[in-house]
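Visitor: Here's a structure for you.
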Amino acid sequence: MKKIVILVSGSGSNLQRIIDTCQSGEIQNAKVSLVVADRECYGLVRAAKHHIKSELIPKGKNFSSELAQIIPEDTDLIVLAGFLSILKPEFCEQWKGKIINIHPALLPKFGGKGMWGMHVHHAVIEAKEKESGATVHYVTSGIDEGEIILQEGFAIDDTDTAESIAEKIHLVEFEIFPKAINKILNSHAI
Ligand code: GRF
């Protein structure tokens, strides 16, 4: 059984989706073995409800080195699911090809420093974009710059607000995240 470590900072609805799709078999032969949060958040409650081991490492300059120490060597994939700290380049290098993130926009547009949460959706509206969506990509030291694994968009209509876009993006994320994870786990020579 492959082992997935999930990093969260917030509500953890994507974490929930990954737990559920591991259980249903949509993500094959894998389980969430550890949840790590950088702050108190509902993601930790979700982990506890499913009896998944969890750790809280407070955000700050030592986060990446403390994280490196607690992630088991036999971890197959590290998944950032609504995780807000920036990981150190050495950590990204150490786990290269085995660490992914979901971003609530169609990268390479609307990525990089400051582009997180509602900031992204407000920027999309401001720019009068005709579409938005979600992207699963590899994590590298460049923020939101790693290779794209899977991406899906939808049309923005005149009645959309930043909030309605955020909701629609969550639905896209619930579709593409399990697919991307399955794809990676099944292509790794592990
Ligand atoms: C998602 O939209 C994700 O793309 C972004 O933060 C949100 C996290 O939502 N990075 P949740 O905590 O999974 O509900």
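The values are calculated or read from the model by the stated rules, or taken from the named source; none is laboratory data. Predicted model only: the values in this text are computed from it and were never measured. Neighbour counts are summed over all protein chains in view; Cβ atoms, including those assigned to glycine, are modelled from backbone coordinates with ideal geometry. Heavy atoms of the whole protein, side chains included, go into the accessibility calculation; ligands, DNA and RNA do not. Shrake-Rupley method; radii C 1.70, N 1.55, O 1.52, S 1.80 Å.
Visitor: Sticking with the crude label model, points 7 Å out along Cα→Cβ, report the distance from residue 145 to residue 162 in nm, one decimal please.
Guide: 2.6
Visitor: Return the subset of 88/179; 2/109; 31/179; 49/98; 53/183; 3/61 for which the Cα-Cα distance in this structure is over 23 Å, preserving the input order.
Guide: 88/179; 2/109; 49/98; 53/183; 3/61
Visitor: Could you pull out every one of the aspartates and glutamates with an alpha carbon less than 20 Å from that of residue 128, ignoring same-chain neighbours closer than 8 positions?
Guide: 152, 157, 158, 160, 163, 167
Visitor: Could you work out the equivalent-ellipsoid semi-axes for the chain, taking the square root of 5 times each eigenvalue of the Cα gyration tensor, largest first, in whole Å?
Guide: 26, 18, 16
Visitor: Using the Cα centre as the reference, give the magnitude of the dipole from point charges on the C-beta atoms of the chain (Lys, Arg: +1; Asp, Glu: -1; all else neutral), rounded to the nearest 20 debye.
Guide: It comes to approximately 540 debye.
Visitor: Name the residue from 119, 10, 35 whose Cα lies farthest towards the positive end of the charge dipole of the chain, charges +1 on Cβ of Lys and Arg and -1 on Cβ of Asp and Glu.
Guide: Checked the options; the winner is 35.
Visitor: If you find the alpha carbon centre of segment 119-179 and of segment 31-103, how far apart are they in angstrom?
Guide: What the calculation gives is 22 Å, centre to centre.
Visitor: Can you find, among 170, 140, 110, the residue sitting farthest towards the positive end of the charge dipole of segment 105-176, where Lys and Arg contribute +1 and Asp and Glu -1 at Cβ?
Guide: 140
Visitor: I'd like the accessible area for residue 115: 1.4 Å probe, protein heavy atoms, all chains in place, Å² to the nearest 10.
Guide: Its heavy atoms expose roughly 50 Å² to the probe.
Visitor: Calculated from DSSP H runs of 4 or more alone, at -39500 (n - 2.57) each and per residue, what is the 222 nm mean residue ellipticity of the chain, nearest 500?
Guide: Here the helix-only value at 222 nm equals -11000 deg cm²/dmol.
Visitor: Which residues in segment 68-96 place their backbone N less than 12 Å from a point set 7 Å from the Cα of residue 26 along the Cα-to-Cβ direction?
Guide: none
Visitor: Moving to a separate point now. On the protein heavy atoms, probe 1.4 angstrom, tell me the percent of accessible surface of segment 2-186 carried by carbon and sulfur.
Guide: Ligands and nucleic acids excluded, carbon and sulfur reach 52 percent.
Visitor: Span-like helices, the chain: DSSP H, alpha-carbon axial extent 27 Å or more, mean Kyte-Doolittle 0.0 or greater, which ones?
Guide: The answer, listed by residue number, is 162-187.
Visitor: Moving on to the next point. Tell me, what HN-Hα J-couplings in whole Hz come from the Karplus equation 6.51 cos²θ - 1.76 cosθ + 1.60 at θ = phi - 60° for each residue of segment 5-10, using x for Gly and Pro?
Guide: Each residue's phi maps through the Karplus curve to give 9, 10, 9, 9, 10, x Hz.
Visitor: While we're here: So which aspartates and glutamates pass the test for residue 59, namely a Cα distance under 18 Å, with those fewer than 8 places away in the same chain ruled out?
Guide: 38, 40, 90
Visitor: Here is a follow-up. Can you sort 3, 31, 59, 130 by solvent-accessible area, 1.4 Å probe, largest first?
Guide: So the residues, ranked largest to smallest area, are 130, 59, 31, 3.
Visitor: Which net charge results for the neighbourhood of residue 62, defined as the other residues with beta-carbon distances under 15 angstrom from its beta-carbon, given Lys and Arg at +1 and Asp and Glu at -1?
Guide: 0
Visitor: What's the ranking of 153-164, 89-100, 133-144 by average number of surrounding C-beta atoms within 10 Å, highest first?
Guide: My ranking of the peptides, most packed first, is 133-144, 89-100, 153-164.
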